[in-house]
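**Student:** Would you mind keeping the following structure in view while I ask a few things?
The values are calculated or read from the model by the stated rules, or taken from the named source; none is laboratory data. Here the structure is a predicted model, which means the values were calculated and not measured. No Cβ is skipped: glycine too gets one built from the backbone with ideal geometry, and neighbour counts run over all protein chains shown.
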Amino acid sequence: MNIKTNNSKPKIAILSLKNSYVYGGVLSSLQAAYNFCKKHFDPTVFFLSFDPSISTSLKILKFSSGVRPLTYCGMKGIEVGARWAFWEPGHYRFNLDRWEELLKGYNYFLAVSGTPIVAHPFALLNKKYGLVASTPYNDDRERRVKTLSGFRYLIDRLANKKMQNIEKLILEQADFIWGLSNYSKMEFEKIMQRPAENFLRCGHPVESTIVPNLNNKDNNLIIAVGRFGDPRKNIDMLLRAFDKINQNIPDSKLYVIGGKPDISQISKFAHLASFKNIVFTGQVSDQDLKNFYQKASLMLLTSYQEGFGVVGIEALWHGIPVIATACGGPSDYVVDGLTGYLVQVNDDAKMAEFATSILQNQKQLKKTSINSQNFVLDNYSISKIENAFELGFIKMYPELKSILTFKF
């Protein structure tokens, strides 16, 4: 196989998901993988699309699907219209002929998403591929499924066993898997019912060339970051915990940053005295998020489940200790007494106890802030994560050793 022709880079196809809110863990992982691939390959990202302009739609009696090029957050991409979106097991299979045609001319293949499902075309077409993922399919959606009703719930239940079989197929056929956390490895091994071979925990890289200043902190400022319309984020625990913190520290403020929860989720807390000290910002710009990271002294992460939880790493890098639920991925970087504390899901009393202890002890807060930043520098630098990528690619494709720089 020719690696380079006329000084051109080899082409790599990356399968991923495109979200409408343009932030979050999947996008962060995709950008990290794309930036790595751009150094060594000519990457194109392929997205499955449900946009009616290129997808089939019963509502408007449209029975054909198409493709279109796009640039997504600076990445070269192609959207592929779905057929019959209501039946999830067919999202990729119904369009397999189109996927086969689009992937011609590519010799290297990588799938990047929260769950393994996005790699389905590679598995169906017997490609040699790598997979970057953090969470099993059912773990990712367990809380959301409980909000479904009627026809949607029935279809979901009928499809679920097929989706589990698809996930198992993808994991078993993957030539290399980069899991974002130890939780990822443990859960994927359960699905495969065997040890995960050719697996590396890669985490998420942090740009460490400019070290954030830790001297501009507001000791009363607490943040939580995420898509709080997702029931997995557990907004109830967050507001209960902050109410207890605010009773101990009346000047404390909580900024809930990201997708806003439904009004019905928060109205039951409106009578609490602490509610006036909560700001729901909605989605903010990257710069505004950095400004919050620069000022905040504590992050609360209350999720029911996280495959990794990239916002936790971002917080630690800015010297913000994290108090998180033991919900999966955060257990890799929330180290009790060093970078924060872990509590059980829905133990808001313990979360508030730890938060109050940290915020009321300035010496401890400063020490934990420095420890948090150093922990990220030692464990989640771009060079460490890219070494993991390079090792995996060389194991999959030995011929790439001539263009990759990993040192054995």
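**Student:** If I filter segment 55-76 for residues that are over 20 Å from GLY392 (Cβ atoms), crowded, with 19+ Cβ neighbours inside 10 Å and touching a residue at least 60 places away in the same chain (Cβ under 8 Å), do I get at least one hit?
**Tutor:** Within segment 55-76, none of the residues are over 20 Å from GLY392 (Cβ atoms), crowded, with 19+ Cβ neighbours inside 10 Å and touching a residue at least 60 places away in the same chain (Cβ under 8 Å).
**Student:** State whether one or more residues within segment 18-39 are among the aromatic types (Phe, Trp, Tyr) and touching an Asp or Glu at 6+ places or on another chain (Cβ under 7 Å).
**Tutor:** Yes - at least one qualifying residue is present in segment 18-39.
**Student:** Name the residues in segment 219-256 that are among the polar types (S, T, N, Q) and touching a Phe, Trp or Tyr at 6+ places or on another chain (Cβ under 7 Å), would you?
**Tutor:** Across segment 219-256, the qualifying residue is only ASN234.
**Student:** Do the conditions hold for TYR92, that is, is it within 26 Å of LEU391 (Cβ to Cβ) and surrounded by 20 or more Cβ atoms within 10 Å (Cβ to Cβ)?
**Tutor:** When the stated conditions are applied, TYR92 does not pass them.
A quick yes/no check of all residues on (1) in contact (Cβ under 8 Å) with a residue 40 or more places away in the chain; (2) within 25 Å of GLN31 (Cα to Cα):
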residue	(1), (2)
SER184	yes, yes
GLU207	yes, yes
ILE210	no, yes
GLY226	yes, yes
ARG240	yes, no
LYS244	yes, no
ILE249	yes, no
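**Student:** Condition (residue is of a type in the set (Gly, Ala, Ser), out of contact with any Gly (no Cβ under 8 Å at 6 or more places or on another chain) and at pLDDT below 95) applied to segment 183-206: is it met by at least one residue?
**Tutor:** yes
**Student:** Among the numbered conditions (1) farther than 24 Å from ASP332 by Cβ; (2) under 25 Å from the mean Cα position of the chain (by Cα), tell me where GLN305 comes up short.
**Tutor:** Answer for GLN305: the failing condition is (1).
**Student:** In segment 240-278, which residue that is in a loop (DSSP other than H, G, I, E, B) and touching a strand residue (DSSP E or B) at 6+ places or on another chain (Cβ under 7 Å) is farthest from THR147 (Cα to Cα)?
**Tutor:** SER252
**Student:** Just checking: which of the strands (runs of 3 or more DSSP E) contained wholly in segment 26-125 hold 3 or more residues that are of a type outside the set (Ser, Thr, Tyr), farther than 27 Å from SER383 by Cβ and under 23 Å from the mean Cα position of the chain (by Cα)?
**Tutor:** 42-49, 75-81
**Student:** Say whether the condition of being in contact with a Phe, Trp or Tyr (Cβ under 7 Å, 6 or more places away or on another chain), under 30 Å from GLU399 (Cβ atoms) and among the β-branched types (Val, Ile, Thr) is met by at least one residue in segment 97-114.
**Tutor:** No, segment 97-114 has no match at all.
**Student:** Can you tell me which condition TRP178 does not meet? The list is (1) among the hydrophobic types (A, V, I, L, M, F, W, C); (2) part of a loop (DSSP other than H, G, I, E, B); (3) in contact (Cβ under 8 Å) with a residue 60 or more places away in the chain, and all the others hold.
**Tutor:** Among (1) among the hydrophobic types (A, V, I, L, M, F, W, C); (2) part of a loop (DSSP other than H, G, I, E, B); (3) in contact (Cβ under 8 Å) with a residue 60 or more places away in the chain, TRP178 violates only (2).
**Student:** Take ASP243 and decide whether it is touching a helix residue (DSSP H, G or I) at 6+ places or on another chain (Cβ under 7 Å), modelled with pLDDT of 95 or more, acidic (Asp, Glu) and at negative phi.
**Tutor:** For ASP243, the condition - touching a helix residue (DSSP H, G or I) at 6+ places or on another chain (Cβ under 7 Å), modelled with pLDDT of 95 or more, acidic (Asp, Glu) and at negative phi - is met.
**Student:** Also, I was wondering about something else. Name the residues in segment 333-383 that are touching a residue at least 40 places away in the same chain (Cβ under 8 Å), more than 19 Å from GLU207 (Cα to Cα) and touching a helix residue (DSSP H, G or I) at 6+ places or on another chain (Cβ under 6 Å), would you?
**Tutor:** Selection gives ASN346, ASP348, MET351, ALA352, ALA355, THR356, ILE358, LEU365.
**Student:** For ASN138, all conditions in the list (1) buried (at least 23 other Cβ atoms within 10 Å of the Cβ); (2) without any contact (Cβ under 8 Å) to a residue 40 or more places away in the chain; (3) closer than 15 Å to ILE166 by Cβ hold save one; what is the number of the exception?
**Tutor:** Result: ASN138 fails condition (1) only.
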